[in-house]
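K.L.:
I have a structure here, written as structure tokens, and I will follow up with some questions on it.
The values are calculated or read from the model by the stated rules, or taken from the named source; none is laboratory data. Note that the structure is predicted; figures quoted are calculated from it, not measured. Heads up, the Cβs are rebuilt from the backbone with ideal geometry, glycines too, and the neighbour counts pull from every protein chain shown. In case anyone asks, the SASA skips ligands and DNA or RNA and just uses the protein heavy atoms, side chains included. Shrake-Rupley method; radii C 1.70, N 1.55, O 1.52, S 1.80 Å.
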Amino acid sequence: MLRSVDIELKLPEGTKLHSSMGSVMHGALMCDIVDRETADWLHDFSTLRPYSQSVFWDKERSLPIWRVCTLTKQAEERVVEPLLNSLGKSIFLQQKGYDIELVKLAADDRADYGRLADEVFLADNSPREFSLRFLTTGSFKHDGSYMVFPDLRMLYGSLQMKWNAFSPSNKLEDRELASFLADTSNMYRYRLSSQPFSLESQTIYGFAGEMSVRLQGNDMSRRLAALLVKLAPYTGIGIKTALGMGAVRSTMR
């Protein structure tokens, strides 16, 4: 079970929204919304956690949005349900020194792994390209350094790991899949910029903006790439997606 909820936020007048607030909202989620047992349970997942969350300004709706996504039924019950019970309330952000109101539910999207697979593999035609829009700073870590430009092998690899970790079936076990998909994909257009993401103890420089990728492999490789890209809006892409990084929108053509 996959679920994504958008919560409209109300900030104090004169306060600017920045995607780095995702780190602060993660703290609020763990301390003020879910119970202590759930917070400890989520912490035990280490790097591959069954949720992602982010804060961003939604240009289409002209709203400040807090997006929380869960990747399993248990995570949905233990994270999303308490969050929805908090709508209309305010929480105090200690790091910012002010209250923020969880105004209302702005969007609620549900899917499941089997349905995503059916949409891809039962379609008459396989997609020829996809686009990603990074709503918050994205990055990958390689050889101890943070990357300021997308890497297709790491992008596919990040999504494959999350699919295999949380999908109850249809595992993608091929260890060379990410490399194969990257070799048969071509980023032909991008409008990206370097963007910082601030955490408590450091600032990570990554990228934000849009990129388009042409799929040049055979029918099956294009469908596999599409499957992973369809997962991306729920999982996020790259590092620290639980802290607010790597939130994306995806489109297929």
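K.L.:
Out of 71, 87, I need the residue that is aliphatic (A, V, I, L, M), modelled with pLDDT of 95 or more and closer than 25 Å to residue 13 by Cβ. Which one? Before the answer, list the steps.
P.N.:
Values: 71 fails: closer than 25 Å to residue 13 by Cβ.
Among 71, 87, only 87 is aliphatic (A, V, I, L, M), modelled with pLDDT of 95 or more and closer than 25 Å to residue 13 by Cβ.
K.L.:
Go through the stretch 199-239 and give me each residue that's in contact with a helix residue (DSSP H, G or I) (Cβ under 7 Å, 6 or more places away or on another chain), assigned to a helix (DSSP H, G or I), under 30 Å from residue 24 (Cβ atoms) and open to solvent by less than 10 Å² (accessible area, probe 1.4 Å).
P.N.:
Residues satisfying the conditions are 228, 231, 232, 235.
K.L.:
Would you pick out the residues in the stretch 108-167 that are acidic (Asp, Glu) and under 23 Å from residue 218 (Cβ atoms)?
P.N.:
Answer for the stretch 108-167, where residues must be acidic (Asp, Glu) and under 23 Å from residue 218 (Cβ atoms): 118, 119, 124, 129, 151.
K.L.:
Criterion first (in a loop (DSSP other than H, G, I, E, B), modelled with pLDDT of 95 or more and either touching a strand residue (DSSP E or B) at 6+ places or on another chain (Cβ under 7 Å) or open to solvent by 40 Å² or more (accessible area, probe 1.4 Å) (or both)) does residue 150 satisfy it?
P.N.:
When the stated conditions are applied, residue 150 passes them.
K.L.:
Let me ask something else about it. Looking only at the stretch 71-106, filter to residues that are in contact with a Lys or Arg (Cβ under 8 Å, 6 or more places away or on another chain) and among the aliphatic types (A, V, I, L, M); which one of those is nearest to residue 16 (Cα to Cα)? I'd like the intermediate steps shown before the answer.
P.N.:
To start, the set of residues in the stretch 71-106 that are in contact with a Lys or Arg (Cβ under 8 Å, 6 or more places away or on another chain) comprises 71, 76, 80, 87-88, 100-103, 106.
Checking the rest, the ones that are also among the aliphatic types (A, V, I, L, M) come to 71, 80, 87, 100, 102-103, 106.
Values: 71: 30, 80: 26, 87: 21, 100: 12, 102: 16, 103: 17, 106: 20 Å.
Top of the filtered list is 100.
K.L.:
Checking residue 135 against (1) open to solvent by 50 Å² or more (accessible area, probe 1.4 Å); (2) under 19 Å from residue 69 (Cβ atoms): exactly one of these is not met. Which one?
P.N.:
(1)
K.L.:
Next up: Among the residues of the stretch 76-104, how many are open to solvent by 70 Å² or more (accessible area, probe 1.4 Å) and out of contact with any Asp or Glu (no Cβ under 7 Å at 6 or more places or on another chain)? Reasoning before the result, please.
P.N.:
Narrowing the stretch 76-104 to residues open to solvent by 70 Å² or more (accessible area, probe 1.4 Å): 77, 81, 85, 89-90, 92, 94-96, 99, 104.
If we keep only those that are out of contact with any Asp or Glu (no Cβ under 7 Å at 6 or more places or on another chain) as well, we get 77, 81, 85, 89, 94-96, 99.
The total comes to 8.
K.L.:
Here's something else I'd like to know. Just wondering, is there one or more residues in the stretch 157-172 that are touching a Pro at 6+ places or on another chain (Cβ under 9 Å) and farther than 21 Å from residue 249 by Cβ?
P.N.:
yes
K.L.:
Taking residue 42, is it surrounded by fewer than 20 Cβ atoms within 10 Å (Cβ to Cβ) and not in a helix (DSSP H, G or I)?
P.N.:
So residue 42 fails the test.
K.L.:
Within the stretch 176-195, is there a residue that is basic (Lys, Arg) and either closer than 30 Å to residue 80 by Cα or without any contact (Cβ under 8 Å) to a residue 40 or more places away in the chain (or both)?
P.N.:
Yes, some residue in the stretch 176-195 is basic (Lys, Arg) and either closer than 30 Å to residue 80 by Cα or without any contact (Cβ under 8 Å) to a residue 40 or more places away in the chain (or both).
K.L.:
Also: Out of everything in the stretch 45-75 that is aromatic (Phe, Trp, Tyr) and farther than 21 Å from residue 112 by Cβ, what residue ends up being most open to solvent (accessible area, probe 1.4 Å)?
P.N.:
57
K.L.:
Sort out which residues of the stretch 15-53 are polar (S, T, N, Q), in contact with a helix residue (DSSP H, G or I) (Cβ under 6 Å, 6 or more places away or on another chain) and more than 17 Å from residue 80 (Cα to Cα), and write them in order of number.
P.N.:
23
K.L.:
Checking residue 110 against (1) within 16 Å of the chain's Cα centre (by Cα); (2) more than 29 Å from residue 63 (Cα to Cα); (3) open to solvent by 70 Å² or more (accessible area, probe 1.4 Å), only one condition comes out false. Which one?
P.N.:
Result: residue 110 fails condition (2) only.
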